[in-house]
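Down below is the structure, laid out as structure tokens.
The values are calculated or read from the model by the stated rules, or taken from the named source; none is laboratory data. Computed from a predicted model, the values in this text were never measured in an experiment. All Cβ positions, glycine included, derive from the backbone under ideal geometry; neighbour counts span all protein chains shown.
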Amino acid sequence: MRGVKVSLFGFGNVGKAVARVLLEKERFFRERYGIALKVVSVADTSGVVWLPEGIDLQEALLVKETFGKLSAWTNDYEVYNFTPEEAVEEIDADIVIDVTNDGGAWEWHLAALKADKAVVTSNKPPLAFHYAELVGEAERRNVPYLFEATVMAGTPVIGILRENLLGDTVERIEAVLNATTTFILSRMEEGRTFDEVLREAQSLGIAERDPSGDILGVDAGYKATILHCVAFGPITFRESRVKGIGGISQEKVREARSRGRTIRLVATLERGKITIEPREIPVDSPLAVESHENAAVIWTDLLGELVVKGAGAGLKETASGVVSDVIKAALRIA
Ligand SMILES: NC(=O)c1ccc[n+]([C@@H]2O[C@H](COP(=O)([O-])OP(=O)(O)OC[C@H]3O[C@@H](n4cnc5c(N)ncnc54)[C@H](OP(=O)(O)O)[C@@H]3O)[C@@H](O)[C@H]2O)c1
């Protein structure tokens, strides 16, 4: 049995979902892969709880759910006021998991890689702005830098592009990558106004309280940038052309529907070019997804057309991508 030490940064929706999977499937990972994962630290913005012998994740979840912050946990555990950079440096871990929403996290991803620690993340901005630097450092050091959950949650579109199709040249990708805009547009087809549906999405927890990242197309833009980096080579979000769904009226949506078409926020990627915009597509197109589904249509010189379709959001679904990367990293380390 090979022990692998894990440092978990971020204990919000995704962080807690990842902790639950690590707890529930501990035996499965031992039996199937011969790997014993030990979480040696857990961090939120209130502090870093660190115990080299391993943290009781059940208790960590209880503390976070009861008090809202890990720093409320004082029994048996030390809470440190480390910055993430300090924590990455101080804590002896093989894998650093970043499931925070820290926009500046690329700096501590780089610090972790420079200390030869694997990094697994669901956090998009580090990749959308610093892909070349981060992946370059990881490759130079032969350290895993894995980010499946940044795009399409656990649906393995990154894995397909990064680990398969290695002899193919990708020619073009079209994708629907943001579930909130899909929810809003499909509800508008039922005759509801943009504002009504947005309020509903917020009350259901589908859209965030500040939904601008989804509505303006920034979230889809980050994801498309990451896909471009993997499929065609490094680029940054700043080079993408992004138009959100803010200007779409109910009339436009219903009129498209009457012609057998539907409007979705579509990302179109070719080498050196990323466009995100609302587009009319036929209702029988693989891109005409519903609910929290995402889809990507990939065209390559050898395989032709490949459709990847599956969950694009959700906590269990995102944890699937993160944990799969953790196992991949652990197997490489082992
Ligand atoms: N939710 C999804 O379905 C989904 C899907 C794919 C990707 N993602 C991405 O996954 C990440 C997490 O999403 P989420 O829904 O779990 O967000 P969330 O519920 O807001 O949780 C974010 C967590 O990160 C912590 N945090 C922020 N900055 C930190 C720092 N510098 N050091 C330590 N902890 C820090 C927060 O601490 P506090 O608890 O103290 O605030 C919180 O626990 C985001 O980057 C998101 O874009 C989410």
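Points worth noting:
- Taking the conditions (1) surrounded by 17 or more Cβ atoms within 10 Å (Cβ to Cβ); (2) within 16 Å of the ligand (Cβ to nearest atom) in turn, I281 satisfies each one other than (2).
This table checks each residue for (1) more than 23 Å from the chain's Cα centre (by Cα); (2) touching a residue at least 12 places away in the same chain (Cβ under 8 Å); (3) over 19 Å from T180 (Cβ atoms).
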residue	(1), (2), (3)
L265	no, yes, no
E270	no, yes, yes
P278	no, yes, no
I281	yes, yes, no
D284	yes, no, yes
L287	no, yes, no
S291	no, yes, no
V297	no, yes, yes
L302	yes, yes, yes
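Results for (1) assigned by TED's automatic domain parsing to the domain that holds E148; (2) among the acidic types (D, E); (3) within 24 Å of L315 (Cβ to Cβ); (4) crowded, with 21+ Cβ neighbours inside 10 Å, shown as yes or no for each residue.
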position: F9; (1), (2), (3), (4): yes, no, yes, yes
position: G15; (1), (2), (3), (4): yes, no, yes, yes
position: K25; (1), (2), (3), (4): yes, no, yes, no
position: Y33; (1), (2), (3), (4): yes, no, yes, no
position: S41; (1), (2), (3), (4): yes, no, yes, yes
position: T45; (1), (2), (3), (4): yes, no, yes, no
position: S71; (1), (2), (3), (4): yes, no, yes, no
position: E90; (1), (2), (3), (4): yes, yes, no, no
position: I97; (1), (2), (3), (4): yes, no, yes, yes
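- In the condition set (1) touching a Ser or Thr at 6+ places or on another chain (Cβ under 9 Å); (2) surrounded by fewer than 19 Cβ atoms within 10 Å (Cβ to Cβ); (3) of a type in the set (A, V, I, L, M, F, W, C), L146 is compliant with all but (2).
- Filter result (within 22 Å of the chain's Cα centre (by Cα) and surrounded by fewer than 24 Cβ atoms within 10 Å (Cβ to Cβ)) within region 181-191: F183
- When residues of region 228-249 are limited to those that are touching a strand residue (DSSP E or B) at 6+ places or on another chain (Cβ under 6 Å) and buried (at least 22 other Cβ atoms within 10 Å of the Cβ), the one modelled with the lowest pLDDT: I245
- Hits in region 101-110 - residues which are within 13 Å of the ligand (Cβ to nearest atom) and either among the hydroxyl-bearing types (S, T, Y) or more than 17 Å from the chain's Cα centre (by Cα) (or both): E107, W108
- Residues that are within 16 Å of the ligand (Cβ to nearest atom) and assigned to a helix (DSSP H, G or I), drawn from region 49-66: L57, A60, L61, L62, V63, K64, E65, T66
- Each residue in region 1-43 was checked for being closer than 18 Å to D92 by Cα and either within 16 Å of the ligand (Cβ to nearest atom) or touching a Cys at 6+ places or on another chain (Cβ under 9 Å) (or both), and 10 of them qualify.
- Pairs, first more than 17 Å from D214 (Cα to Cα) and more than 8 Å from the ligand (Cβ to nearest atom) in region 306-321, second part of a helix (DSSP H, G or I) and at pLDDT 95 or above, C-beta under 6 Å, six or more apart: V308/V157; A319/A17; A319/V18; A319/V21
- Out of D98, D76, sole residue that is more than 19 Å from the chain's Cα centre (by Cα) and either on the phi > 0 side of the Ramachandran plot or near the ligand (Cβ under 10 Å from one of its atoms) (or both): D76
- Among the residues here, E189 qualifies as among the acidic types (D, E), closer than 21 Å to P278 by Cβ and either away from the ligand (no atom under 14 Å from the Cβ) or in contact (Cβ under 8 Å) with a residue 60 or more places away in the chain (or both).
- The condition of being among the charged types (D, E, K, R), assigned by TED's automatic domain parsing to the domain that holds A118 and within 13 Å of the ligand (Cβ to nearest atom) holds for only one of E137, E148, that being E148.
- All of D219, D214 fail the test of being in contact with a Gly (Cβ under 6 Å, 6 or more places away or on another chain), more than 22 Å from T300 (Cβ to Cβ) and either of a type in the set (D, E, K, R) or more than 16 Å from the ligand (Cβ to nearest atom) (or both), apart from D219.
- The selection criterion, being within 11 Å of the ligand (Cβ to nearest atom) and either aromatic (F, W, Y) or over 22 Å from V143 (Cα atoms) (or both), does not hold for K124.
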